[in-house]
Structure formats: C-alpha cells, structure tokens
Amino acid sequence: MLSSQTSPSRAAIPPKLASVLQVTPMALVFLLLVIVPLGLIFVVSFLDYNFAQVFPELYLETWVDVLTSDLTLALYLKTFKFLVIVWVITAPLGFAIAYFLAFHLRSTWLRTLLVTAIAIPFWTSGPIRMVSWVPLLGREGVVNQALMGMGITDEPLGWLMYSEFAVLVAYVQMLTMPMIATALNSMAKIPPSVIQAAQDAGASEWQIVRDLIFPLVRPGLAIGTIIVTTAIMGDVVMVKFMGGSQVNTVGMSIITDLNAFMYPPAAAKSILLLVVVLSIVISLLRFADIRKELRS
Amino acid sequence: MTKSDLPAAKAPRRDARGISRRGLLKSGAAAAAASAFPAPMLWAQNIKDITITHLGQSYSTIPEIEAKANEELGFKVDMQTAPDPTTHVNRLLTQPKTIDVTDMPNTNLKYFTGRGVLMPVNVSDYKYWDKTLSLFVNGTYPDGTEASKQGMAPIKAQYWTDETAQDYSPTPTDHLVGVPLYFNADTLGIRPDLIGRPIESWAELLNPEFSGRVALQDGVSIGVADAAMALEATGEITYGDKGNMTREEIDKTIEVLTALKREGHFRSFWTNFDQSVQLMASGEVLLQSMWSPAVTEVRTRGIDCKYNGMKEGYRGWYIMMSAMNHLEGLQRDCAIEYMNWMNSGWAGAFISRQGFYNSVPENVMPFMSENEWGYWYDGKPASEDILNPYGKVMEKAGVSRDGGSIWERMGNIGIWNTVMDEDRYLVRRWQDFIAA
C-alpha cells in the first residue's frame, strides 16, 4: 500500500526538476550571502562619501582614481612582486619536500611524524608567531647578533625586520606548508606500480620525477598556487606587522580606507581585487581539474 | 603654574563631603539617587533588573571599574570591549540600540554630526559640571588663558547646538555631547640610555642622527599630528593650523615624509599598545610617538624610558562618555546615573594611576593618597613607592613625573589629536606615503 503510493509520486518528478530542487537551497544561500552583498558593494563604490557617511549621489572619481592612479599600479606591482617571489620559493620547496616525504621515506610512522612537525608552528596563534619574529630578525635579534659575532657585519642590519624582506620571510614560512600538502596529496595518489614499471623500464630517478611524477603532481601544485595567491592577495595582517606598516599592498590599502570609514574607495578596490584574483584562479584551474582532485 | 591654579587643590583633603559621599554610595543606590528621584524606595525596586551596556575599548572597559560600579550602583553594568577603534565606531553607527553608553576619543565626533545616534546630556542632569575643569567647560585654562585650538580641541565638540543633537556648538549650551572622562598630554617616548643627551624638541624626530631608529603611530589621527609637530619645529613647513591642514599643507607634509621614508628614516609604524612597547623595549627605536601607559609598561620592565615635554608643547587628547539616543525612562535615568558615578572619584582615581587625568580632579582627590596625588597631579617627587592600579610598583620613592604637574603638562598643548576637514584627501595621500 505504502510503496504503491510513493513510487508513482517519485516518478512524477522529472529528473531536471529534481536537479533544480537539489541546487536551490545552496543557490539561495549563495545569492543572499554572496551575490547580494557583492551587488551592494558594487553600488556603494559609485557613491559620494565623507566622515563615515555615504551619500546617494553618483561620484565617479573613486573609480577613476582606482583605475588610473599611480597608487593602484604601485599596490599591484608590490603585491605581485611578493606573489612571484614567494611562489618561486615555495613551489619547488614544497615539491621537493613532498617528494622526499612520499618516495624516500619507507616508514609511514616517520612520514606522519614529519608531516606533523611541519604543522606544529601553526598550532600557535598568528599574532604570537609574528611577534616571535622580532627576537629572531630584530635589531637586537639572534640573527644580527650571530652575524656580528662572526664578524660578518659591524652593525645590526635594519632590513631584516620591518621590511619587505621580513614580509617575504613570513610568507614563505607560512605558505610552504600548503604547497607541501597539496603536492603530497597528489603524490600519494600515484600508484607505486607506475613508478615500479618506470624503474623496470630503466628510467633514472630524474627521468621519473620529470616525466612521470611532475605531470601527475601538476594539479596539486596548481591548487597550492591558488592557495598562495589568495593568501597573499588578501593578506593584511602579515604585511602590516612584518612590514611595520611601511609596506602598502592591495589588501593594506583596503584596510586603510575601512579604518578611515571611507567605504566607496574600499568597495571599488575590493571589486577590482576580486576580479584580479578570480582571473588568476580561473587561469590556474586550467592546470587542475578540482573536481577530479576532490573525487579521487 | 602652581598647585593653587588647580581648583581641586583648593579643596581640603578628605573633606566631610567626600566621606559622606562614600558613605552614601555604600548605603546603596536608593540613597545615592535620592536627591534626583522623589521616590527612592520605588526607584531601587525598579532599577534592579536594568542593565546598562557600556561599549568601550580595552583602555576604558576595565574589569575592576565594572565590578566597583556593580557594587555601588543598584543596576547592572555590562562592559563590552570593542577590539579596535574601527569596530567601535562601526557598532555605534550601525547598531546604536545594542549599546546604552560609550566612551570614545573626541576625534570620533566628526562621524556623529547629523546622525541622531548620540543623546544630548542635559547640563542639569550631570552633577559635576560646575566642578569640571574649565578646559572642557569653556576651553580655557584655570588661569583664564585660552587653550590651543589646533586639532580637535575639547571645546570644538563639547556642546550640541540644541536638543536635536545634530551639530556642535563652539560656545556653551545646555546640551552636552558627553561627560568629559579622561585626558592627557602625550609627547615622545625616549630611550635616554641609548641617546645619551636630553631630547627637548619635536624636531629631533626628524634628526638624521636617529635615521632608522624612530617610529610613528600608524595612521592619520596621531601619526600625522606628531609628524606635523616635528615638521613645524624644524621650520620646514609653516602651518596655518597643523591640526586641520589645507590640501597644499597635506601635499607638502606627505612630500617631506615620503622623502624621509625613502631614506629609511622610519623604523616602523605601530598600530597598538603592545607594538609600541615592544619597539621601545627591544631597542628597535630610540624615539617614537608613545602613550603614557606604554611608557609605564617599558619602565616596569626595568628599561629606562623618558616622556618629558618638548619645547613646542604636547599633543593633547580627550575621551568623553556619551549616551545613546534610544534611551528613555528608567534606562535613561540609569545611564545618566552611571555617567555621574564614573566621575564621582573612584574610577577617576583608578585611571589616574595609569597616568591619565580625570576631568573632575576635586572628586578624585579623596580617593588618592597624598603621595599619589602629589606624584600624578602635582608633579611632586614621590614620598614612597608609586603603585599602578593593580598594586605593582611602577615608580620608586623620590622620582617625580616627567613633565611635572597637570598644568605644566596640559597647559602646554601644541596640537590635539585630530580628524581633519580634509580627512578624505589626507587618507588618500597617506596611502601614497605608505606605498612609497
């Protein structure tokens, strides 16, 4: 009785409608929490403003400034410079460390231990991690004392801390881990039999890495790159502390506007940043099929 | 200036009034409110379920003050701490009804004209207006001379023009924007052990001798004010009003600062208290914009740090307490009672031990020992060790406060913390400076 009632009604929902019904809740959430606020931000970016107030009057100067000023150019150049340098360091480093962990460690126990060791610094809170750079890189810090003790320098190096160098050091320290994690994840999926076959066919280790492992790990590296990109493009905390508030990036500039309650320029800069980050992510996704990565 | 210039100093110490007031407070809110409310017993019954939410920042929402308020007032006080100035102002502007009273720097008041968020406080509702320092009542010092109006001087936003609370009146009215709470005179924090000579001018902040060893506060309200004091002191720029610059003055200021930054003159810009302490204590900087409690913190770590005035004057600041406009009935009465309590002496003495001044010194005096009062307000050498509000020794006997008495310090204000009329332009140009 029961089954005879339910089965026809189930059949009555066409598959297409079923799909629509399935995506509706998420679509609504996305619409309400992402698209609508973004729309508002977009609208605000065209309005006039002063002293924490936004006036309902069209004011295009904000966009003119954001799209044409030397400041925007300088901010993006600085941010991309950080991104390129950090990527050039973290990608090979992440790949190499992951390769070591995946293929040169026989003991699973040791591998787990080492992977945990990589994560340990991140168990402390961000502010504490940043404050602890000062005793290391500061004027009176360990590095400066060592350099002077060894007679390499006569006086403390100022550029070790509160500088672009310091920002880069902190980025590399923070962002090598996701590179390792994503590369390791891809490597773990390579069946040992494939490596075995290559070895049996007489391939050298270098050949295996170059022709076999690297192409298979590329999607993992692409995802790691996406993480590094979004982290650096959106960062305000590291650059502020490590740069001693003397380094201006895209994210910092938005925060400065927000702290001064100047919403339209912050909105315009955010929209531009979103467009830039999305373009980078979309082009990176051509190297990685995220759905395939998640499925396997 | 001498002690006799201070109205509070004229009052006999621990007078009958002070004692009776304390007794009054101890006997409960019913009695305390008796004068203002005709039916005290009813009042005590009615207010016991009321909660007054006070939004402030870490420097003002002090648990000890909250506990004392709850002990002495018949209603509940709930202090909430905004994590930073931005969140604080945003919450006041966007969720005013979740708050009853707030305390904030008067530089914020530029954001509150025409908003209808703050409630005008009637002069007759505030018990201590006649005992409040003239600096806040009419913008003059006790000797009658006019205080500096460069920057956001207290008198610029102390009164609403009328009860609609839309705009500020430069001359006294019956409607207070808020109750004056704390104020102080800031100057440069100095590491005398590393500099080895006296620092007496703001110009030293730009002296090439200290290249790479000076810091400013990050941002335009204090950082630019300090830089302007220095630029004027070197004679490099002459301002009409350095607390409210014209576009040309802003351009010139940013230009000079940018050149200095490119030479690596600034070690860092600090954002919060801890960073400023760390920069100073670690020896990263020799000279920087600093706040009084931060100097105290460096000293309690056993590191010498001076905070003497410069010949061009101090940078003054001022924090007031305001109520929100949605208040009515008993809630409103309790909010006003809380604001009155804040300046009745105990809380004022507490914050005075951190190096700030309270706007009603006469009330604070009975709550401080002779030694404390002499050290903090009169600039006298401490007759015994000076303790901070938490009972920790922060200054040994024999030492006197840098800069001297309240009016030696407050009487010499070169600029007040500021938000300029050309704020929009300044913030834009400041970004160019940071990007350079």
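The values are calculated or read from the model by the stated rules, or taken from the named source; none is laboratory data. None of these values were measured; they are calculated from a predicted model. As a convention, Cβ positions derive from the backbone with ideal geometry for all residues, glycine included, and neighbour counts pool all protein chains shown.
Summary of computed values
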| item | result |
| --- | --- |
| Meets criteria (in contact with a Gly (Cβ under 7 Å, 6 or more places away or on another chain) and surrounded by fewer than 21 Cβ atoms within 10 Å (Cβ to Cβ)) for A:V209 | no |
| Helices (runs of 4 or more DSSP H) wholly inside region B:1-96 that include at least 3 residues being closer than 25 Å to B:L330 by Cβ and at pLDDT 75 or above | B:40-47, B:63-72 |
| Strands (runs of 3 or more DSSP E) completely within region B:232-327 that count 3 or more residues being more than 30 Å from A:P135 (Cα to Cα) | B:314-324 |
| Checklist (1) in contact (Cβ under 8 Å) with a residue 12 or more places away in the chain; (2) within 14 Å of chain B (Cβ to nearest Cβ); (3) of a type outside the set (S, T, Y) applied to A:E155, failing item | (1) |
| Enumerated helices (runs of 4 or more DSSP H) restricted to region B:341-436, each holding at least 2 residues that are more than 14 Å from every other protein chain (Cβ to nearest Cβ) | B:346-352, B:361-364, B:370-376, B:406-410 |
| One residue from A:V237, A:V250, A:V277, A:V217 being of a type in the set (A, V, I, L, M, F, W, C), within 14 Å of chain B (Cβ to nearest Cβ) and in contact with a Ser or Thr (Cβ under 8 Å, 6 or more places away or on another chain) | A:V250 |
| Residue in region B:229-243 that is touching a Ser or Thr at 6+ places or on another chain (Cβ under 7 Å), under 20 Å from B:A436 (Cβ atoms) and more than 14 Å from every other protein chain (Cβ to nearest Cβ) present | yes |
| Which numbered condition B:P170 fails, given (1) touching a residue at least 40 places away in the same chain (Cβ under 8 Å); (2) surrounded by fewer than 16 Cβ atoms within 10 Å (Cβ to Cβ); (3) over 23 Å from B:S405 (Cα atoms) | (1) |
| Only one of B:A259, B:A294 that is modelled with pLDDT of 95 or more and small (G, A, S) | B:A259 |
| Test: residue in region B:113-126 that is more than 14 Å from chain A (Cβ to nearest Cβ) and out of contact with any strand residue (DSSP E or B) (no Cβ under 8 Å at 6 or more places or on another chain) | yes |
| 2 or more residues within 14 Å of chain B (Cβ to nearest Cβ), crowded, with 16+ Cβ neighbours inside 10 Å and at pLDDT 95 or above: qualifying helices (runs of 4 or more DSSP H) within region A:1-110 | A:61-68, A:70-99 |
| Single residue of region B:358-371 satisfying the filter (buried (at least 22 other Cβ atoms within 10 Å of the Cβ) and closer than 21 Å to B:D402 by Cβ) that is farthest from the chain's Cα centre (by Cα) | B:V364 |
| All positions within region B:300-327 that are in contact with a Phe, Trp or Tyr (Cβ under 9 Å, 6 or more places away or on another chain) and under 19 Å from B:R401 (Cβ atoms) | B:M310, B:K311, B:G313, B:R315, B:G316, B:W317 |
| Complete set of residues in region B:192-225 that are closer than 27 Å to B:V419 by Cα and more than 14 Å from chain A (Cβ to nearest Cβ) | B:E200, B:S201, B:W202, B:A203, B:E204, B:L205, B:L206, B:N207, B:A225 |
| Number of positions in region A:253-271 that are buried (at least 19 other Cβ atoms within 10 Å of the Cβ) and either under 19 Å from the mean Cα position of the chain (by Cα) or more than 9 Å from chain B (Cβ to nearest Cβ) (or both) | 9 |
| Test: residue in region A:253-270 that is farther than 30 Å from B:Y111 by Cβ and assigned to a loop (DSSP other than H, G, I, E, B) | no |
| Breaking point among (1) more than 26 Å from B:I406 (Cα to Cα); (2) away from chain A (no Cβ under 14 Å), for B:E64 | (1) |
| Verdict on A:M174 being assigned to a helix (DSSP H, G or I), touching a Lys or Arg at 6+ places or on another chain (Cβ under 9 Å) and under 23 Å from B:N272 (Cβ atoms) | yes |
| Selected residue [among the aliphatic types (A, V, I, L, M), within 24 Å of the chain's Cα centre (by Cα), within 14 Å of chain B (Cβ to nearest Cβ) and crowded, with 19+ Cβ neighbours inside 10 Å] from A:M179, A:M174, A:M161, A:M130 | A:M161 |
| Where a residue in region B:291-306 is within 18 Å of B:Q217 (Cα to Cα) and its partner, wherever it lies, is aliphatic (A, V, I, L, M) and part of a helix (DSSP H, G or I), with Cβ under 7 Å and at least six apart | B:A294/B:V277; B:E297/B:V277; B:V298/B:V277; B:V298/B:M280; B:V298/B:A281; B:C305/B:M280; B:C305/B:V295; B:C305/B:V298 |
| Leading residue by the ranking (surrounded by the most Cβ atoms within 10 Å (Cβ to Cβ)) among those in region B:401-436 that are closer than 24 Å to B:V89 by Cα and among the aromatic types (F, W, Y) | B:W416 |
| Sole residue being away from chain B (no Cβ under 14 Å), surrounded by fewer than 17 Cβ atoms within 10 Å (Cβ to Cβ), of a type outside the set (S, T, N, Q) and in contact with a Leu (Cβ under 7 Å, 6 or more places away or on another chain), chosen from A:L114, A:L184 | A:L114 |
| Any hit, region B:262-277, residues being touching a residue at least 60 places away in the same chain (Cβ under 8 Å), farther than 23 Å from B:E312 by Cβ and away from chain A (no Cβ under 14 Å) | no |
| Residues within region B:110-157 that are on the phi > 0 side of the Ramachandran plot and under 19 Å from the mean Cα position of the chain (by Cα), tallied | 2 |
| Single residue of region A:235-252 satisfying the filter (outside any helix (DSSP H, G or I) and of a type outside the set (A, V, I, L, M, F, W, C)) that is farthest from B:W430 (Cα to Cα) | A:D235 |
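Here's the yes/no breakdown for (1) at pLDDT below 95; (2) more than 14 Å from A:G224 (Cα to Cα); (3) out of contact with any helix residue (DSSP H, G or I) (no Cβ under 8 Å at 6 or more places or on another chain):
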{"residue": "A:I254", "(1), (2), (3)": "no, yes, no"}
{"residue": "A:N259", "(1), (2), (3)": "yes, yes, no"}
{"residue": "A:L272", "(1), (2), (3)": "no, yes, no"}
{"residue": "A:V277", "(1), (2), (3)": "no, yes, no"}
{"residue": "A:F287", "(1), (2), (3)": "yes, no, no"}
